[in-house]
1. D:ALA93 is checked against (1) crowded, with 19+ Cβ neighbours inside 10 Å; (2) within 19 Å of the chain's Cα centre (by Cα); (3) in contact (Cβ under 8 Å) with a residue 24 or more places away in the chain and fails just one. What number does that condition carry?
2. Can you go through D:ALA43, D:ALA22, D:ALA17 and tell me which one is within 29 Å of A:ASN89 (Cβ to Cβ), touching a residue at least 40 places away in the same chain (Cβ under 8 Å) and within 11 Å of chain A (Cβ to nearest Cβ)?
3. Please go through (1) within 11 Å of chain A (Cβ to nearest Cβ); (2) more than 26 Å from D:LEU82 (Cα to Cα); (3) part of a helix (DSSP H, G or I) for D:ARG145 and return the number of the only condition it doesn't satisfy.
4. Just a yes or no: is a residue in the range D:71-83 without any contact (Cβ under 8 Å) to a residue 12 or more places away in the chain, more than 18 Å from D:GLY185 (Cα to Cα) and in contact with a helix residue (DSSP H, G or I) (Cβ under 8 Å, 6 or more places away or on another chain)?
5. Regarding A:ARG156, is this residue more than 23 Å from A:PRO49 (Cβ to Cβ), more than 14 Å from chain D (Cβ to nearest Cβ) and basic (Lys, Arg)?
6. Give the residues of the range D:109-148 that are among the small types (Gly, Ala, Ser) and in contact (Cβ under 8 Å) with a residue 24 or more places away in the chain, sorted by residue number.
7. Could you check the range B:92-180 for helices (runs of 4 or more DSSP H) lying wholly inside it with 3 or more residues that are outside the structural domain of B:MET37 (by the TED database) and buried (at least 21 other Cβ atoms within 10 Å of the Cβ)?
8. Can you name the number of the only condition in (1) free of Cβ contacts under 8 Å to residues at least 60 places away in the same chain; (2) acidic (Asp, Glu); (3) surrounded by 24 or more Cβ atoms within 10 Å (Cβ to Cβ) that A:GLU134 fails?
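The values are calculated or read from the model by the stated rules, or taken from the named source; none is laboratory data. Bear in mind the structure is a predicted one, so any value in this text is a computation, not a measurement. Reconstructed Cβ throughout: ideal geometry from the backbone, glycine too, with neighbour counts over all protein chains shown.
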Amino acid sequence: MVSKLARRTAALTMAAALATTSLAACSSAGGSDSNGATKIGLIAAEQGPFAFAGASYLKGAELAAELEDVELVVEEGSEDPAKSITAFNKLTGQEGVGQVVCCVSSAVAGAMKPLATSKKVPLVVYGATTPDLEDPPFVLRPALLPQQGIAPVSARLVKELGITSAVHVTASDNDGLVAQSEAARTSTEAAGAKDLGTVKTLVADTDFSGAVTEILSKDADMVTVYTLGEAAATITKALREKGYDGVILANNAVATAPLLKSFGKTLADTYYSVEYTPASSIPAAAEFTKAYEEKYDEKPDLFASQGYVAVKYAAQGASEAGDGADAAKIADALAGIAEMDSPWGPLTFEDGQGTSEDFQVVQIDDAGVPQLWTGAGA
Amino acid sequence: MTDALLTIAGLKKRFGGVTAVDDVDMVVPRGAVMGLMGPNGAGKTSLVNLVTGFYRPDEGSVLLDGREVAGLSPHQISRRGITRTYQNVRLLSGFNVLEQVVAGMYASRKASSLSSLVMWPAERRERRACLERADELLTRVGVTERHELAENLPYGTQRRVEIARALATDPQLVLLDEPTAGMNREESVAVGELICSMRDQGCTVLVVEHNMRLILDYCDQAYVMSFGQVLSHGTPQECVDDPAVQKAYFGKENDASGIPALRELRSDPRRP
Amino acid sequence: MDVLAQQILNGLALGSVYAVFGVGFGLMLATLGVLNAAHGTFATWGALTVLYLVNDVGLGFWPALVLGVLVSGVMAVIVDFVAFQPIRRRGGDLLPALITSIGVWIFLLAAARMVTGATTSRYSPDAAPSGSFDFLGLTLGRTQLVSLLAVAVVGVGLHTLLHRTRVGAAMRAVGHSPMAASLGGVNPVLVVAVTAFLSGAVAGLAGITMGLNTSTVNFMLGEALLLKGFAAVIIGGFGDVRGTVVGGLLIGVAEVLTAQYVSGSLRDAVTFGLLLAFLVFRPRGLFGSAASMQTVRA
Amino acid sequence: MGGFWDQYRSVVEFAMANALFALGSWIAMWAGVFSMAGATFGAVGGFSAAYLDLHMGAGIVVQLLVGAGLGLGVAALLSVLLLKLESHWMAMATVALVLITRVVVLSAEEYTGGSVGTGVTRRVDLVTVIALVALVCYALARLRRSRYGMAAHAVREDAAVAAALGVNPFTVRAVAFAASGLVAGVAGVVLANLLQYIGPDTFFITLAFTMVAAMVLGGTYHWAGPIVGAIVFVGLPEVVRSYVDGVDELMTGALLVLIMVFMPRGLIDPRRQWFRRRASQPVAQEPAPQPEVVR
């Protein structure tokens, strides 16, 4: 005897399963027809772990869309792999969306990459810093890699400030940060500062008392800190609190508006390298700053410039592909872009990866405000 | 001398400083209905728990059919042929009456889980056979409900279902722990008749009871326990007449259950 | 500077946060029989309260700390009343209470995410204790001193309360059997409320000191504490304040030393490895008695 | 309709994946083992699927078989270690196991991608996922009143009574735990394929809580419970989110508390009256029927 209940429930469940299955069959027959793909999809990060940057990305992106006259379709992804994949599917399911701009974190970008490749919809990455993420024609990264700027800037600091030894801090479980720390280590050593070793932390760490003790025990002239922004600021603050008075070169993520506001002058005298600051000496940067201030009545930040550049790049691809182009054609057009003017100076593209020579050096002053650093003599 | 089915020798169990079962020797002959009496806290239920493996004895041996079972796990002892009912009925919530009884046939069911997955004929046959047998057993114990959830039935019926479940394990020896607790006179008589029928079908029965009427009317022999020890042994009547037993019951002023039981006996007209 | 001694000091300071949290978590588990998945959010909300009071209202750090601790305590009482009391009244066991606590956890975590906008912040450096001083030739941060003081106060205070006062005796009695407590002439409802308040308040204190020590306050703050506090309770010995304190400190020192001398990536491995080893091989923990294990009611 | 379906297809997929996990937890619960270790077995299945996909290009059938096998194996090994614990300690030990799983995933970088995680090529479609759920349901429906199924239920309700009926509770629990590992391993493979990216946080506390919450929400006394629970737990917030943004999780949490307080046995309760063909009889005093004495 199978109880009556069991049999009935089984029947119901099977019926439900069948119903859902037939629905699935129907919809897959529908397929996607996207001619005239002039819209640009954007996966926003207004919530989630990168919410502090999400609004800026979106504002920069919307400014670019307005200036380039393209339509932006926004879907929230919260920088969560699962939600972002859902958002990607929603966007590409819409008529007219021929490419998607997304991703602050490398993890999310890594999750989206195979999806973009298999769906053959180009993905324009605006923030993630893992090396080798780009994979043209479907995964393109106009965003610069921080290590492009770290190498020249750290060498410059060593020479101009007379540094003789350096210790490095990294988040050993993040490839992007490890690459940045490695860039700082090799270039400081090449510039003549003794390498006193690398202190490893983890992305998820919040307690740095042990790491700080270890750094202090090495007694170096210079500390480079390439961890996530929060951690870099916390380590910097703890180093100063425990009496460290050497040079600190940190990830530019310490200088996001919320961190500057909440850490205040505890970050004084910290250096970082960056592709964009409102005080940048690059002419195209000044134009971008002005347009942004007019639209939003506030100063743009690095994230805004990244959102701006990504959408500008996407729009250029769409216009080069021409009206009525499908996603694959747009992908080819994007991959074919070799040069573009940007707030970061003239950008060149190699294998779908943007590069630039024009990095700025910023020093946080005693009041906790970032100032363009022009050299030891200034 | 009839041959002994269950032989308990020197059985001991301590809990902290209290010796719940203290050096008990007991013999239950095959085919007998054995009574086990004693005031509250005499160690009767502890003894049942020791025999069925719920407790591990500290010392002593329990032989079933000449083979040691002390120290075995409850399920091993059950498969050797000892089963029990509980002082507070312990039916399995969520099973209906038939299923309660079929649950007792676990050890005798042969069809594998694989065959139940595909519902091979062997499995179907077995399920049908189990249900038929459960139906028979329920009829035998006088339960007419079949598809009700057991927990919704009256207490007396639940007890009978529990006995049917015990019988479903094909036991050699059934330990009934206060089978008439909470029953009226009529129902108790019915249980007594049921016990006799169990014996007649080849089961040996050990009845733990406060209800002396039941023991006197239906048991062949009885043991009386007090403070963990065997106080008296013989025919039920001999036990009741034993001065030590009378003292044990009356000496314990606050034992509410013993006194009315004995009073009832004294006023019994059938007593010679 | 002796690096080893300094790192042990760092470990003790870190561990004291785990210990404080663990004491509150363990109190709720042992006394009220609730394995409370939402306990970490009490810590989060305590820290968020202080964040709000210090940064937005401009209150001083110490009065804000007191208010933050009160908020967490009251929150725990409300949660107990809404989510656990109905189950307790039915005589339910650990499982349904665990599930409602998961519901509360999802709710309070989402609420914390909403009010913070998922951003990370910190107490204004002008108001919160900062800087460091020399202590026996070692450097001790003022924030570290706060958490060491917190564990001393909570550990001694709660142990004294439980073992030297009538309320404490009633709380322990409730842990063993709610019946026993009511027979002893204590109002069990009041005892439950006091226990919930204390366990929440202590969690709040842990959250606040955690935020102070790591310069990080966000909606996830309590989650790490929950896991580490759970480990401290099991390792230390369930239902024993001293054991939990020792367990927490042990975890803190083990983590810092592992990061310094072995590898940072094995930090959690050490904690949770210890946890599993204790659960499997010595479930009563360092200090617990076999009897104390039975206070988690079936 | 097509657009609507595209939008909700992934919701249905994730609900079904969670239903598999919840079913895994339910199988352990069947025999009275409250286990959150499904997240661990899910990680075993998920990362083995990712590895097979990345390094060998293995298809979904191989992935599912390997995931099921490894889940079963790991669960069987762990059952020896864990099942001797008293039930509440056992539950806590499974939490500890989930915490350790994350550490293992982080350290076994070669196989799991460490903290960065690893991508997976999607090789399942909705039909496959639903078929898997249906398969598990079929098996459970068949086993419900089989020899093993009744023993499992008996062990859950009263292990001592079950033992007195000849059931070895340890064996029954170990089998249930291993089977729950098998199903959770399969669920891990499915989830990895659906997410197309798995990392150390994919199979962590949140997933463990989700699966047991879905199971309890739906009801732990019938195998349909976890499925209903997973659909409500995963689907409802999504539907709510499309109307009111931001409050979906608040609602999920409140709902879970309300259901546990007012329907402690979950949404699907085989004991509930309307679920049964005949109304149960009241516990009223009625005269006991006379036994037919067979003499």
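1. Evaluating D:ALA93 over (1) crowded, with 19+ Cβ neighbours inside 10 Å; (2) within 19 Å of the chain's Cα centre (by Cα); (3) in contact (Cβ under 8 Å) with a residue 24 or more places away in the chain leaves (3) as the failure.
2. D:ALA17
3. Failed condition: (3).
4. yes
5. Working: more than 23 Å from A:PRO49 (Cβ to Cβ): yes; more than 14 Å from chain D (Cβ to nearest Cβ): yes; basic (Lys, Arg): yes.
Against the criterion (more than 23 Å from A:PRO49 (Cβ to Cβ), more than 14 Å from chain D (Cβ to nearest Cβ) and basic (Lys, Arg)), A:ARG156 qualifies.
6. First pass over the range D:109-148, keeping only residues among the small types (Gly, Ala, Ser): D:113-115, D:117, D:119, D:131, D:134, D:139, D:141, D:146.
Residues satisfying the conditions are D:GLY113, D:GLY114, D:SER115, D:GLY117, D:GLY119, D:ALA141.
7. On the way: elements: B:97-103, B:113-118, B:121-141, B:155-168.
Per the criteria, B:97-103, B:121-141, B:155-168.
8. It is condition (1) that A:GLU134 fails.
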